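**Q** Take a look at the following structure, please.
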């Protein structure tokens, strides 16, 4: 399923099975999560990097072939292919172990064809080892919703924040909620106003409070994590955090942030963003999952119905994450 940029939708296409180059592996896709970033690419909110790209960067699959010099994994191994598909390894950011800010990156499903397909090619160095405890369907959302959620949570102070707010209770937030509750944190979930079903879902995952984005939580927060792509949420999120608190925007795309009074930022509050992820994030996240109980909530769609999955994501018709199955 490739992006039709003019129609802002996906188009089924037939292509030869791709061949892995040096250091690459060919992966037979078993499952691929549907991420809001895919929606931004399809809708043209992110500038196109190549024509008719195959989206999908939450890829779970089985290695069926390897290119020259690719020896990290055995044929038949299960791996995950995340958003960061390759980094240059030479720029100042890569040398500082900040490959997520690489000056010449390649992103899966954006620069490189991704997992909305039966097969995908990946740089073996950027594939991740997945825990055996999670089946293909439930592992897929961990590769972006989980990883970006984890990085956002860590940049917001990790387990040191006693009370955290999650704005936009979708794929990432429903994973972070479980992670935070397992760490003994008090979670406050913010949904679209009037979304009682979403608020009940948040409470079922351990949230101590759930309400609309137009409501105030019962207590000041230490940190607020924004996963909805709405810049209008930044001022109210700042208004919920205590002095010295932090607001972290976890998406790759967000609408413009409106002007707000300096008083909302004053008191040494912080506002920052998350950009992509590193391989170390993946290693740390999946290591943490060995010690906590966490389950993704998914809705499966056949690959041929990828446009339906995108439409349902856009309309907020499901809780958790959508996953495509070839």
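**Q** Out of all the residues in region 113-136, which are out of contact with any strand residue (DSSP E or B) (no Cβ under 7 Å at 6 or more places or on another chain) and in a helix (DSSP H, G or I)?
**A** Within region 113-136, 125 is the sole residue that qualifies.
**Q** Quick check: is even one residue across region 86-97 at pLDDT 95 or above, part of a strand (DSSP E or B) and within 22 Å of residue 324 (Cα to Cα)?
**A** Taking every residue of region 86-97 in turn, none turns out to be at pLDDT 95 or above, part of a strand (DSSP E or B) and within 22 Å of residue 324 (Cα to Cα).
**Q** If you check 89, 85, 80, 56, which single one turns out to be free of Cβ contacts under 8 Å to residues at least 60 places away in the same chain and crowded, with 18+ Cβ neighbours inside 10 Å?
**A** Just a single option satisfies the conditions, and that option is 85.
**Q** Give the number of residues within region 13-36 that are in a loop (DSSP other than H, G, I, E, B) and under 23 Å from residue 69 (Cβ atoms).
**A** 8
**Q** Name the residue, out of 74, 70, 52, that is in contact with a helix residue (DSSP H, G or I) (Cβ under 6 Å, 6 or more places away or on another chain) and either part of a loop (DSSP other than H, G, I, E, B) or under 28 Å from residue 6 (Cα atoms) (or both).
**A** The unique qualifying residue is 70.
**Q** In addition: Could you grab me the full set of residues in region 274-326 that are within 17 Å of residue 40 (Cα to Cα), in contact (Cβ under 8 Å) with a residue 60 or more places away in the chain and surrounded by fewer than 20 Cβ atoms within 10 Å (Cβ to Cβ)?
**A** If the condition is that a residue be within 17 Å of residue 40 (Cα to Cα), in contact (Cβ under 8 Å) with a residue 60 or more places away in the chain and surrounded by fewer than 20 Cβ atoms within 10 Å (Cβ to Cβ), then 275, 307, 314, 316 are the ones that fit.
**Q** Filter region 196-238 down to the residues that are buried (at least 19 other Cβ atoms within 10 Å of the Cβ), over 13 Å from residue 165 (Cα atoms) and touching a residue at least 60 places away in the same chain (Cβ under 8 Å) and list them by number.
**A** The answer is 198, 201, 229.
Matching residues to (1) within 12 Å of residue 120 (Cβ to Cβ); (2) surrounded by fewer than 24 Cβ atoms within 10 Å (Cβ to Cβ); (3) modelled with pLDDT under 95:
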| site | (1), (2), (3) |
| --- | --- |
| 4 | no, yes, no |
| 9 | no, yes, no |
| 14 | no, yes, no |
| 17 | yes, yes, no |
| 23 | no, yes, no |
| 26 | yes, yes, no |
| 32 | yes, no, no |
| 39 | no, yes, no |
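**Q** From the list 39, 10, 46, exactly one residue is assigned to a loop (DSSP other than H, G, I, E, B) and in contact with a helix residue (DSSP H, G or I) (Cβ under 7 Å, 6 or more places away or on another chain). Which is it?
**A** Within the list 39, 10, 46, the selection yields 46.
**Q** Residue 75 - would you say it is in contact with a strand residue (DSSP E or B) (Cβ under 9 Å, 6 or more places away or on another chain) and farther than 27 Å from residue 309 by Cα?
**A** So residue 75 fits the description; yes.
The values are calculated or read from the model by the stated rules, or taken from the named source; none is laboratory data. Bear in mind that the values here come from a model prediction, so they are computed numbers and not experimental data. Cβ atoms come from the backbone with ideal geometry, glycine included; neighbour counts cover every protein chain shown.
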